[in-house]
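Worksheet: the structure to be examined is printed underneath.
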Amino acid sequence: MVKTPKHNELIVVALADTDETRRMHHRLRYQVYCEELGYEDPRSFSDGEERDRFDEDAVHFVAYDRRNQNWVGALRLIPPSVHDLPLLAATGIAGEVLPLFRERRVAEISRMCVPARIRKSSDGFLASNGRVESRCASESALIFFALVRASVGYAFQQKIDYLAFLTSLPLSRLLARLGIKDHPAGTACNHRGIRYPRIADVAGLFQDLIGAHSDHPFVPKLAPEPFLRHSLFPEVFCPEQALAACG
């Protein structure tokens, strides 16, 4: 049974299965990948919504901050049914891992992003021992954690065995310190900077992040469900207000 989030649960992740949430997903990507980081040419997206050929098959998520009624992060999951996942073209996959891709057992996480206004407010949120500092039980780390947790919940439901992604060393270290366990999957590549392919076992992540009622300090700040389908729970997200706020 799905529980409606309480007011002390700050971040709720929507599976973007409506026009409103899909637009917001692509707007957040445009803001981060085109305007802030310059990874994509904004002139290619006259509607202010960054997208590519993988989006037709992908599952899209957006994170919603209930405190200020704003969408604050995005992630997409490209399913194993897609013939050539993006990271296969970007880097060399380790021989022992490659059969998992060929057997269609791996989904790819990509386009995970949080706007700069949130990222810049979150420096130093973790102490050296990996515990969350009280002044920052917050912002970009919490949103990244919520988005990954949502992708794990969806993958587990769909009986997907593994999640793979390209990541920088800082983000890989961040995920490790948040208790998100992954493993090397191949050789580094130059893709918007040096990136490393990583792979994670969905069942193990589900147990750590969702199934075991984790005592991670971020969990009380998240909705009990790893994600909610926006079409079924529109009242939780107030999309009209959030879309207007983003402009």
When every protein chain stays in place and a 1.4 Å probe is rolled, Glu103, Glu96 sorted by accessible area with the largest first are Glu96, Glu103
Could you sort the peptides 109-115, 148-154, 232-238, 43-49 by per-residue average Cβ neighbour count (10 Å cutoff), highest mean leading? 148-154, 109-115, 232-238, 43-49
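Once the piece of chain linking Ala90 and Tyr39 is laid out straight, how much longer is it, given 0.36 nm per residue of separation minus the C-alpha distance between them?
Extra length from Ala90 to Tyr39 when fully extended: 16.9 nm.
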Label-point separation in nm, Asp17 to Cys238, each point 7 Å along Cα→Cβ: 2.4 nm
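The values are calculated or read from the model by the stated rules, or taken from the named source; none is laboratory data. Remember, it's a predicted structure, so these values are computed and weren't measured experimentally. Note that each Cβ is placed from the backbone with ideal geometry, even for glycine, and that neighbours are counted across all protein chains shown. Areas reflect the complete protein model, heavy atoms only, side chains present, ligands, DNA and RNA absent. Shrake-Rupley method; radii C 1.70, N 1.55, O 1.52, S 1.80 Å.
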